[in-house]
Amino acid sequence: MSDKRILKFFPSAGQNLQRLSVEQVAAFNENGYLSPFAGLNAEETQKHAEYFNGLMAENKARGGDAYALNCKHPYLRDLYDMVLHPNITSVIRDLLGNDFHVWACHYFNKEAGDIKKVAWHQDASYWPLSPSKTVTVWLAIDDSDVENSAMQVIPKSHLHGLLKWKEVEGPAVLNQELVGTEDMHKPVSLCLKAGQFSIHSDLTAHGSLPNRSNRRRCGLTIRYCPSDVQAINKTWGQQAIHCSGKKSPNWNYIERPAFNDIETALSVADPALAAAAR
Ligand SMILES: O=C(O)CCC(=O)C(=O)O
């Protein structure tokens, strides 16, 4: 697949900045991540946590696992609206320019005592998208710190293109594990208060340890890309949420769901996109 994709870091031009400083754009280009940002206010944070708790309870009642809420945005109005939150999209616009959309989102719900790690990986390695220009927002549903295994990133790892990986060993959420990370920069834990968010490039090495605490650590990942990104595998281009500017003929943009259709969201078989987007 990599033969067809352009997999390298594209520095942000940082034009017409509204929310970020020139220094923040430079730090993103240099390190491959930015954190923390104020996303939701206290009321929105509490409301969204309650919304997520309700979804997860319904999901569990149907036998779904803690990580099953993946790519449910075509069915859930509140989730669709969340990815368009102006406090988030204003930062993304500064990084990606005016023409962009969301193509996936996934609750990484690391429950108290969860023994599964998310091994060091690069998102672009999983995705049949080109060029590699997707950025992920990790929006904290819970306070996230070292104790409950906040997500970690390896600064500057995005500058090396696609890195080598092997099959992960032991309990894990994803199957790839990068090799040679011990020779890279020291990892940084992206500790966030609920409602704050971080951003990382699709080539930035990141992951998280098992959650040995008695507190849940859930984050909503939202994948934003500029409209010149193409899905090599067309099944991936079908569920985009238009955010800003020009649309692309290469993507299918969905309508805002009329309501929170939890029944459909939890009963549809995961589309190819959702399965592979993990
Ligand atoms: O939440 C985590 O621990 C990992 C998230 C992740 O791998 C991602 O955002 O791609």
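Summary value for the chain: 31 percent relative contact order, contacts being C-alpha pairs under 8 angstrom separated by 6+ residues. Segment 14-37 and segment 143-172 have their alpha-carbon centroids 21 Å apart. When you count the other C-beta atoms within 10 angstrom of each residue and take the mean per peptide, 23-32, 217-226 line up highest first as 217-226, 23-32. Each residue of segment 109-125 is assigned a 3J(HN,Hα), and the resulting list reads 9, 8, 6, 3, x, 5, 8, 7, 8, 10, 5, 3, 8, 10, 4, 4, 5 Hz, derived from the Karplus form 6.51 cos²θ - 1.76 cosθ + 1.60 (θ = phi - 60°), x at Gly and Pro.
Here the convex hull built on the C-alpha positions of the chain has a volume of 123 cubic angstrom per residue.
In the chain, taking the dipole from charged Cβ atoms about the Cα centre, the farthest positive-side position among Ile199, Thr221, Pro11 is held by Pro11.
The modelled label-to-label distance between Met184 and Lys246, using points 7 Å beyond Cα along the C-beta direction, is 3.3 nm. Can you give the translational diffusion coefficient of segment 158-201 in µm²/s, computed by Stokes-Einstein from the Kirkwood radius over Cα pairs at 37 °C and 0.692 mPa s? The Stokes-Einstein estimate is 249 µm²/s. In summary, the lysines within cross-link reach of Lys164, defined as a Cα separation below 24 angstrom excluding same-chain residues under 8 places away, comprise Lys4, Lys8, Lys116, Lys117, Lys133, Lys156, Lys186. Accessible area per residue for the chain is 43 Å², calculated with a 1.4 Å probe on protein heavy atoms, without ligands, DNA or RNA. Placing a pseudo-label 7 Å from each Cα along the Cα-to-Cβ vector at Lys164 and Ser90 gives an inter-label distance of 4.6 nm. Of the accessible area of segment 1-141, computed with a 1.4 Å probe over protein heavy atoms only, carbon and sulfur atoms account for 50 percent. Using the average count of surrounding beta-carbon atoms within 10 Å as a protection proxy, the listed peptides 47-58, 90-101 rank, highest first, as 90-101, 47-58.
Each residue of segment 139-150 was assigned a 3J(HN,Hα) from its phi angle through the Karplus curve 6.51 cos²θ - 1.76 cosθ + 1.60 (θ = phi - 60°); the sequence is 9, 6, 7, 10, 4, 10, 9, 5, 4, 9, 6, 4 Hz, with glycine and proline shown as x. Let me know the shape class of segment 119-243, please: from the alpha-carbon gyration tensor, a ≥ b ≥ c as square roots of the eigenvalues, rounded when a/c is under 1.5, otherwise prolate if a/b is greater than b/c, or oblate. It comes out oblate by the Cα gyration axes.
The HN-Hα couplings worked out from phi for segment 71-86 by the Karplus form 6.51 cos²θ - 1.76 cosθ + 1.60 (θ = phi - 60°) are 6, 9, 4, x, 10, 10, 4, 5, 6, 3, 5, 4, 6, 9, 4, x Hz, whole numbers, x standing for Gly and Pro.
Remark: the chain carries a charge dipole of roughly 400 debye about the Cα centre, counting +1 on each Lys and Arg Cβ and -1 on each Asp and Glu Cβ.
The values are calculated or read from the model by the stated rules, or taken from the named source; none is laboratory data. Everything numeric here is computed off the predicted structure, so don't read it as measured data. So basically every Cβ, Gly included, is an ideal-geometry build from the backbone, and we count neighbours across all protein chains shown. Ligands, DNA and RNA are excluded from the accessible area calculation, which covers all protein heavy atoms including side chains. Shrake-Rupley method; radii C 1.70, N 1.55, O 1.52, S 1.80 Å.
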